[in-house]
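The values are calculated or read from the model by the stated rules, or taken from the named source; none is laboratory data. In this text the structure is predicted, and so the values were computed from the model without any measurement. All Cβ positions, even for glycine, are placed from backbone atoms using ideal geometry, and neighbour counts span all protein chains on display. Keep in mind that these areas ignore ligands, DNA and RNA; they rest on the heavy atoms of the full protein, side chains included. Shrake-Rupley method; radii C 1.70, N 1.55, O 1.52, S 1.80 Å.
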Amino acid sequence: MPTTRPSALQLETSWQPAANGSPPAYTLSLKNRSSRPLSRFRLCVSGPGRVDPSVEIDGGTVGERLSNFTAFLPPEGFELATGATWTVSVHALSWPLSHWTDGANSAYVEFDDGSTLSLPVSPTRLIGNNAPLKRGVEAYPVPDVPPAPVSIVPWPNHVSVSGRRPTPAGFALTATDPKAVAAAGAFTDLVDLLFAVEGMVRPSSEGGMPVALRVKNGLASEAYEMDFSEAGISISASTQTGLFYGLVTLGQIWRGVRLHPHAFKFPLEGQIRDEPAMGWRGLHLDVARQFYASGEIRKLLAILAWNKLNRFHWHLSDDEAWRVEIDAYPALTEIGAWRGHGLPVPPLLGSGPERSGGYYTKATVREIVAFAKDLGIEIVPEIDVPGHCFAMQQALPELRDPAEIGSYYSVQGFPDNCINPAREKTYEVLETIFRELIELFPFKTIHVGADEVPLGAWSGSPQALARLAQLGGPAMAEAHSKRLNVITNTHGADDINGSGTAVLQALFLERIQKFLASQGCVTGGWEEAAHGNVIDKSASYLCGWRNVEVSAALADEGYEMVVCPGQAYYLDMANSPDWDEPGASWAGWSAPEMTYNFDPVAGWSDAQKQKLRGVQACIWSEAMTDRAVFDRLVFPRLSAVAETAWTRPESKSWERFKAFAGLMPVLYDYP
Ligand code: TNX
């Protein structure tokens with residue numbers, strides 16, 4: 001039984017960077033405020049920061065470590081007296097803490113009878129820094145004299161409007177063509193979700209001004225035209241999505257005038273002619289590190305549509321969780337979707353000892369896919385393989401080579417987290433999973449990850465080594481076996497090019513891509529999927545995450561590219577290098593203006609540009625335990641990427657964007 005009352009233990013954590021020859025110190029202080037001494041316990045914490053495996057600590061030892069989960073043990077026979085504080089200092093982390101969200105954000109004490117006690121945690125303090133911690137969206141006030149007459153984000157191709165008409169109370173959408181009727185319905189659902197009380201869509205009996213939706217052939221698939229005249233407003237497009245985008249533009253203009261009547265006038269006359277610069281305008285969301293309920297996903301999709309983004313890359317599996325129901329393997333979600341003390345997946349990234357997590361049922365996925373489709377958004381599911389498979393293998397241990405020995409570690413500190421290219425079981429399971437997913441996701445584009453496979457992967461698997469000997473010769477297999485138990489990936493992703501790992505990964509990817517192609521699917525991968533040059537470039541695309549130069553080089557090799565460089569388009573990177581900003585900075589940091597002005601094709605030749613499918617913002621969720629942090633990191637940078645994707649470079653303007661960014665919806669809007 002716990003020897004103390006819940007509120008009576010207090011944990012504080014702090015960070016002292018390395019200075020003047022002293023090592024850094026990540027210090028955890030547990031104070032006993034109860035009336036009884038505390039003994040026979042361990043202190044368990046999780047949060048983005050990871051204790052280095054070659055740890056040097058004062059005051060205790062590491063009893064267990066799995067990625068960012070660490071259990072600290074006090075010295076043998078230790079008793080924490082009433083009023084006393086136990087302090088552990090860690091002098092080596094996988095990377096120095098840089099932001100207030102980096103340290104422990106969940107903690108509990110485990111007693112020797114197996115019971116646990118959750119501790120409230122406040123953010124890790126940077127010694128000597130008392131700056132208030134930033135959370136929630138930054139305000140972007142709309143100026144009294146805006147730099148453009150209408151508040152549209154992303155900015156259209158051509159705008160010429162003039163005059164003023166009394167601001168309509170709302171719009172009555174008139175449509176007869178089925179595409180137009182569908183666009184009107186989708187838009188009504190969209191504004192119901194985003195701005196229900198504003199009454200933007202209303203019948204003429206409630207004062208709605210008629211807007212005519214017309215199908216006009218000959219326009220590009222996402223293009224639209226809008227005409228304002230004394231007689232009224234009309235929107236024309238050749239598709240449902242084009243009409244829908246016209247309505248989004250109209251809605252944005254209207255909200256600007258409604259909310260800022262001194263800054264904007266509702267136009268009386270003129271035209272807008274618009275179409276996107278890029279075909280792939282994406283957002284990637286990692287729902288493995290943190291779970292987002294279907295309601296959150298729906299609202300996020302609505303926000304994407306309001307930004308005219310058209311691809312949602314749904315990262316459904318990773319080391320920390322598996323999030324989609326698969327009929328053939330219920331264990332994937334029964335086991336892989338949940339973390340907690342004593343479970344096959346421990347508390348990680350701020351989840352506590354209680355069982356927490358979740359997954360999307362097939363029925364939910366179908367609803368979300370249909371909702372997205374109406375909003376002009378195609379969904380690309382990602383199952384991240386062969387690396388990042390810790391949760392998957394906890395759920396399906398039969399994936400491992402039964403004779404495998406030793407260990408290798410991923411960059412995030414997971415042991416043995418890659419499914420094995422040399423085993424038939426791997427293909428049997430994956431093909432079954434992909435068949436079920438293909439049935440759920442009609443866009444027929446499946447992203448298979450392929451990122452960050454550690455240099456030592458499969459080095460203790462006899463099956464993998466035998467296959468490697470066949471493929472690359474005995475010397476390569478021999479060299480690979482020597483990587484066993486050698487910690488390779490603790491400070492950054494390995495470059496596996498030319499290694500035994502790359503050879504085995506290529507074997508795997510070639511077969512998986514062929515399978516997906518046989519099912520009529522395009523295969524997506526992170527840029528590491530290019531190792532070995534085996535996937536069919538005419539039926540695949542890569543997400544280039546390191547920098548625009550690497551993406552350009554891959555375009556030269558003939559790959560179709562979606563550009564999403566970490567330093568500018570990873571929205572989990574902080575807004576500044578300062579401690580008081582949340583997020584990470586391993587790939588750099590990016591103020592919204594930097595993300596806005598970032599050129600995804602800087603230095604690309606015309607031939608390379610032929611291979612550009614578009615751009616994508618990526619939300620990785622390690623830091624998103626706190627949804628006010630999500631808002632701060634994602635907005636308005638999501639709109640900044642959206643404007644780069646839609647608006648031609650010569651029409652971009654940070655001044656205009658900044659003036660309108662505050663009108664864009666955000667996901668949570670927590671203080
Ligand atoms: C790298 S770049 C990852 C993810 C992490 C992310 C955090 C890439 C394809 N993988 O596993 O979540 O960094 O920023």
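Data table
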quantity	calculated
Set Pro582, Pro565: member being open to solvent by less than 10 Å² (accessible area, probe 1.4 Å), within 12 Å of the ligand (Cβ to nearest atom) and under 24 Å from Leu349 (Cα atoms)	Pro565
Qualifying residue in segment 550-557 (condition: at pLDDT 95 or above, outside any helix (DSSP H, G or I) and closer than 30 Å to Ala642 by Cα)	yes
When residues of segment 474-490 are limited to those that are buried (at least 17 other Cβ atoms within 10 Å of the Cβ) and touching a Ser or Thr at 6+ places or on another chain (Cβ under 7 Å), the one nearest to Ser410 (Cα to Cα)	Asn489
Matching residues, segment 441-500, being of a type outside the set (D, E, K, R), touching a strand residue (DSSP E or B) at 6+ places or on another chain (Cβ under 8 Å) and farther than 19 Å from Phe390 by Cβ	Phe441, Phe443, Thr445, Ile446
Leading residue by the ranking (most open to solvent (accessible area, probe 1.4 Å)) among those in segment 371-415 that are charged (D, E, K, R) and away from the ligand (no atom under 16 Å from the Cβ)	Lys373
Filter result (of a type in the set (A, V, I, L, M) and either open to solvent by 10 Å² or more (accessible area, probe 1.4 Å) or more than 16 Å from the ligand (Cβ to nearest atom) (or both)) within segment 451-470	Leu455, Ala464, Leu465, Ala466, Leu468, Ala469
Candidates Asp144, Asp112, Asp102 - the one that is within 30 Å of Lys31 (Cα to Cα), surrounded by fewer than 17 Cβ atoms within 10 Å (Cβ to Cβ) and of a type outside the set (Gly, Ala, Ser)	Asp112
Count of residues meeting criterion [in contact with a strand residue (DSSP E or B) (Cβ under 9 Å, 6 or more places away or on another chain), buried (at least 16 other Cβ atoms within 10 Å of the Cβ) and part of a helix (DSSP H, G or I)] in segment 191-200	1
Residue in segment 339-348 that is open to solvent by 10 Å² or more (accessible area, probe 1.4 Å), touching a helix residue (DSSP H, G or I) at 6+ places or on another chain (Cβ under 9 Å) and touching a residue at least 24 places away in the same chain (Cβ under 8 Å) present	yes
Failed item in (1) out of contact with any Leu (no Cβ under 7 Å at 6 or more places or on another chain); (2) more than 30 Å from Ala539 (Cβ to Cβ); (3) within 15 Å of the ligand (Cβ to nearest atom); (4) not in a helix (DSSP H, G or I), with Ser576 passing the rest	(3)
Residues (within 15 Å of Pro421 (Cα to Cα) and more than 16 Å from the ligand (Cβ to nearest atom)) located in segment 503-529	Val503, Leu504, Ala506, Leu507, Phe508, Glu510, Arg511, Ile512, Gln513, Lys514, Phe515
Number of the exception - Ala288 against (1) within 16 Å of the ligand (Cβ to nearest atom); (2) surrounded by fewer than 24 Cβ atoms within 10 Å (Cβ to Cβ)	(2)
Lone qualifier among Ala131, Ala139 - being within 30 Å of Lys31 (Cα to Cα) and surrounded by fewer than 17 Cβ atoms within 10 Å (Cβ to Cβ)	Ala131
Odd one out for Asn547, checked against (1) within 18 Å of Pro386 (Cα to Cα); (2) within 16 Å of the ligand (Cβ to nearest atom)	(1)
In segment 585-599, residue most open to solvent (accessible area, probe 1.4 Å) [restricted to those that are assigned to a loop (DSSP other than H, G, I, E, B) and away from the ligand (no atom under 16 Å from the Cβ)]	Asp599
Enumeration of residues in segment 317-338 that are open to solvent by 10 Å² or more (accessible area, probe 1.4 Å) and of a type in the set (A, V, I, L, M, F, W, C)	Ala328, Ala331, Ile335, Trp338
Within segment 600-622, considering residues that are within 16 Å of the ligand (Cβ to nearest atom) and among the polar types (S, T, N, Q), the one farthest from the chain's Cα centre (by Cα)	Gln616
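Yes or no, residue by residue, for (1) under 25 Å from Trp526 (Cβ atoms); (2) modelled with pLDDT under 95; (3) within 16 Å of the ligand (Cβ to nearest atom):
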position: Thr625; (1), (2), (3): yes, yes, yes
position: Ala628; (1), (2), (3): no, no, no
position: Arg637; (1), (2), (3): yes, no, yes
position: Lys652; (1), (2), (3): no, no, no
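For every residue, the table says whether it meets (1) part of a strand (DSSP E or B); (2) not assigned by TED's automatic domain parsing to the domain that holds Tyr541.
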{"position": "Arg255", "(1), (2)": "no, yes"}
{"position": "Ala263", "(1), (2)": "no, yes"}
{"position": "Ala288", "(1), (2)": "no, no"}
{"position": "Tyr292", "(1), (2)": "no, no"}
{"position": "Gly295", "(1), (2)": "no, no"}
{"position": "Leu300", "(1), (2)": "no, no"}
{"position": "Lys308", "(1), (2)": "no, no"}
{"position": "His313", "(1), (2)": "yes, no"}
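Quick grid of which residues meet (1) open to solvent by 20 Å² or more (accessible area, probe 1.4 Å); (2) over 32 Å from the mean Cα position of the chain (by Cα); (3) within 27 Å of Pro344 (Cα to Cα):
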{"position": "Ala18", "(1), (2), (3)": "yes, no, no"}
{"position": "Thr27", "(1), (2), (3)": "yes, no, no"}
{"position": "Arg36", "(1), (2), (3)": "yes, yes, no"}
{"position": "Arg42", "(1), (2), (3)": "yes, yes, yes"}
{"position": "Val62", "(1), (2), (3)": "yes, no, yes"}
{"position": "Leu66", "(1), (2), (3)": "yes, no, yes"}
{"position": "Phe69", "(1), (2), (3)": "no, no, yes"}
